[in-house]
Amino acid sequence: MDQLPDEVILNLLQFLEAREVVAVQRLSSRYLALARDNVVWKLECFSHSRAEAQLRREQLLAAQDSRLTELRNAVSALPTPRSDDENLDSPTITDERQPDPAATERQQWQRALANWEPGYPGERIDYYEEFVQRHADINVDWIRLPKPQTNDKETLREANGVALLNFRSDLGQQHVVAPLDDGSVCIFDITSHSTLESGGGGRLLSRSKPGLLTGRDDPNESHSIMTETGAVERVSLGSSIQKGFFAVQSTLQEVDLNTLQLIASKPYPFPITALSSTSPSEPLAVGTNHTIHLHDSRDPYRPSATAELIAGPASQHATLSQPGPLALLHQPHSNSLWTAGRFTSLLKYDVRHFPRLLGTLHSGARIASLSLLPHALLSPRSATGSTLIAAAAYKGKGSLELFDLPSRSNHANPTSGKVEIYQNRQTASASKLLSAVPHGGRLVFSDGDGNLKWVERDGRTEVRRCDINDYIPQARAHDPELREPRSDIFGRQADDLNAANGTVVQKLVPVPSPSPPSSHSSDRPDVPTQPLLLWTGDGELGLLNFGGSKGGKDAFHDALEDQEEVGGEELARRDAERQFSARMRRALERSAEEVRFVRGLGMGG
């Protein structure tokens, strides 16, 4: 075998199952590199996709019994009634040539593969990683947040936002910055483990003093301040300048990430609802309930700035006709800022001549999050551009929306270029979508029922799904050191109620695979990983990973076949049961709260 050329071995690998190809990687360094060949795993991904399954069904219909084929052709050849105005003398053209079945099948297979392929020109997709993320087991590791510094056992620290930071990108280290409900700022190490490194494990690297962001010493006061607005995009990090920006009610707090000390504070006239990303080429955009601002840290704070902003000239901010911006996104290389939220249109501002409005895109839905993919999904693969991905809600149901953006904006006539729009409002979700981001060669989004669903880049073909409530940290909910269980009037534990069908993922953050240090050996590639950072509605932080086996289950399984075995009707029934259970749970909780409230009335305390 060692004498065979690489081409022969690669051809042999295409006849093996995925588990067998993985076993080949253990033979030697040469077979490890060959068994990670991108073409081999690209074909494996396609063979387990819905596109290939549809192709197989069509071929089975075509390869039916010859007698049935003759009967079908005879029925097709029967004369049909024609109207008087039709030409009865028109000849019937038949093709006497018999096509080669093998050539036809090969042509159909190549066409299906080309239509399915998620990669675009210039894009590098690791199809081994893609196969792992499509068919390996899902594991969620929850980051253990710091314990409260009080004796109140019912108090549990919650994360009030999250953002990804690369402190030492040259070493492949990845850190997470999260503000807590007590007003402190924490930095966690989530560096992925490899064959040479143990990884960060989500350990706490540093933490500021409580009340840093709120200016309050009482944790209860800080909790009320941090959770009042409920904004999702409330953290923005400047990796190059090592600064973090945190939205706390109507104040923007600037923190030095090296020392975790407060640098500056800037008030705004209304509560802050969204922050954009920031970089040396992109300024920080701040969205309030009624205005959009470009933050300049060189602008000193003036006590009369609030009054001037409300009644003065609008040269430094954009005023919104409808309240509620929830997402701000910079379009790279275009000096454009996209704004979306509770209103039904996307607004595009010119950053260089802010607040000039370049144009609008009507959606009709209320958008909760925006993300960008640097490829034009709705245009031919040779076209250049990018795609705006929006998680939205339309008439109470989830809507996944894709907007093809031109490669260059026409400032003279911003509406001259046609923007292709795709909206999946039928099969996305029965509840509103909360977050949607690109993930490898797929798209992933979360909804209000706690589901995470991966779809192909066409926005409709489902790849796999999971319910985050199956992975919530049950042990933490019953940890006597963290929380004292309480019973409601029906004798049930409150934590059991919160642990069942009550968790949703508010924000998804793809964690890119870190570039390995130069000291790593090139002939021992690590297992590629691209986990998802999760921030739930309960203030939990988690990392969703792929791979591994539990309870003797195979490391790889066909998630598509699992869904088809259950069936669409069964999945719909389970979703309906889960939604009904959640509604009943909320109704019982409200009833229990009312009973507890009125139980002590007139009793003197």
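Computed quantities for the displayed model
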quantity	calculated
Tensor-based shape of the range 346-396 (alpha-carbon gyration tensor, a/c under 1.5 rounded, otherwise prolate or oblate)	oblate
Segments 356-363, 229-236 sorted - mean Cβ within 10 Å per residue, highest first	229-236, 356-363
Shape of the range 1-59, Cα gyration tensor, a/c cut at 1.5	prolate
Distant-in-sequence amide H partners of GLU158 (H built 1.01 Å from N, under 5 Å)	ASP181, ASP182
Extension gain from ALA114 to SER224, taking 0.36 nm per residue of separation minus the Cα-Cα distance	34.2 nm
Listed pairs LYS418/LYS507; LYS432/LYS507; LYS209/LYS243; LYS397/LYS507 exceeding 21 Å between Cα atoms	LYS418/LYS507
Long-range amide H partners of GLY199 with built H, under 5 Å	SER194
Net charge over other residues, Cβ less than 11 angstrom from the Cβ of LYS209 (K, R count +1; D, E count -1)	-1
Karplus 3J(HN,Hα) series, Hz, for the range 112-128 with 6.51 cos²θ - 1.76 cosθ + 1.60 (x for Gly, Pro)	5, 5, 5, 6, 7, 3, x, x, 10, x, x, 9, 10, 10, 7, 6, 5
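Computed from the coordinates by the stated procedures, all read-outs in this text should not be read as laboratory data. As the structure is a computational prediction, the values presented were derived from the model and not from experiment. Cβ atoms come from the backbone with ideal geometry, glycine included; neighbour counts cover every protein chain shown.
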